[in-house]
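J.: Handing you this structure, nothing more for now.
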Amino acid sequence: RLCDEREEAKKYAQSVAMDIVDGLSDDLAKAGAIHDYLALHVTYDYSFSPQSYTAYGALIDGKAVCQGYSGAFNLLCEAAGIEAFAVANRTHMWNAVKTDGKTYYYDVTFDDANDILTDTYRGIPSYTPDEDL
């Protein structure tokens, strides 16, 4: 069943990704559009249903927790040709996009808090100590 749900989520991501990023030329603009799409189409699942931890929950059911948002973000980025990966600590998961040798962070779960779209964690560049601020 999980494999079927993963396949269904992947097919869904492939069917909508190009519409989401239509007309956008660079990876950061595309990732931003994917961020906004998820924040507007998915709600946080306070019941913590098993599917809410998956991309299927986010893309098909329209509800997720951080792991589901992150998985959906990755599938949409993959379908749009963007290099993205999940980042996690013990209690939360978010995403990173790598483009032009730099890493940028996206946290759709945070930005979808209280059903109000924000862009607080939309394309935050990574920082290394040897960079000038």
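The values are calculated or read from the model by the stated rules, or taken from the named source; none is laboratory data. This is a predicted model, so every value here is computed, not measured. Glycine gets a Cβ as well: all are built from the backbone with ideal geometry, and neighbour counts include every protein chain shown. Protein only, heavy atoms only, side chains kept; ligands, DNA and RNA dropped before computing areas. Shrake-Rupley method; radii C 1.70, N 1.55, O 1.52, S 1.80 Å.
J.: Check whether at least one residue in region 65-73 is in contact with an Asp or Glu (Cβ under 9 Å, 6 or more places away or on another chain) and open to solvent by 30 Å² or more (accessible area, probe 1.4 Å), and report yes or no.
T.: Scanning region 65-73, I find no residue that is in contact with an Asp or Glu (Cβ under 9 Å, 6 or more places away or on another chain) and open to solvent by 30 Å² or more (accessible area, probe 1.4 Å), so the answer is no.
J.: Test D22 against the criterion of being exposed (fewer than 11 other Cβ atoms within 10 Å of the Cβ) and either under 20 Å from E83 (Cβ atoms) or among the acidic types (D, E) (or both), and give yes or no.
T.: On the way: exposed (fewer than 11 other Cβ atoms within 10 Å of the Cβ): yes; either under 20 Å from E83 (Cβ atoms) or among the acidic types (D, E) (or both): yes.
Yes.
J.: Taking the stated definitions as given, is E78 surrounded by fewer than 18 Cβ atoms within 10 Å (Cβ to Cβ), of a type in the set (D, E) and touching a Cys at 6+ places or on another chain (Cβ under 9 Å)?
T.: no
J.: Another question, if that's okay. Of all residues in region 37-57, how many are small (G, A, S) and either open to solvent by 10 Å² or more (accessible area, probe 1.4 Å) or touching a residue at least 40 places away in the same chain (Cβ under 8 Å) (or both)?
T.: Counting residues in region 37-57 that are small (G, A, S) and either open to solvent by 10 Å² or more (accessible area, probe 1.4 Å) or touching a residue at least 40 places away in the same chain (Cβ under 8 Å) (or both) gives 4.
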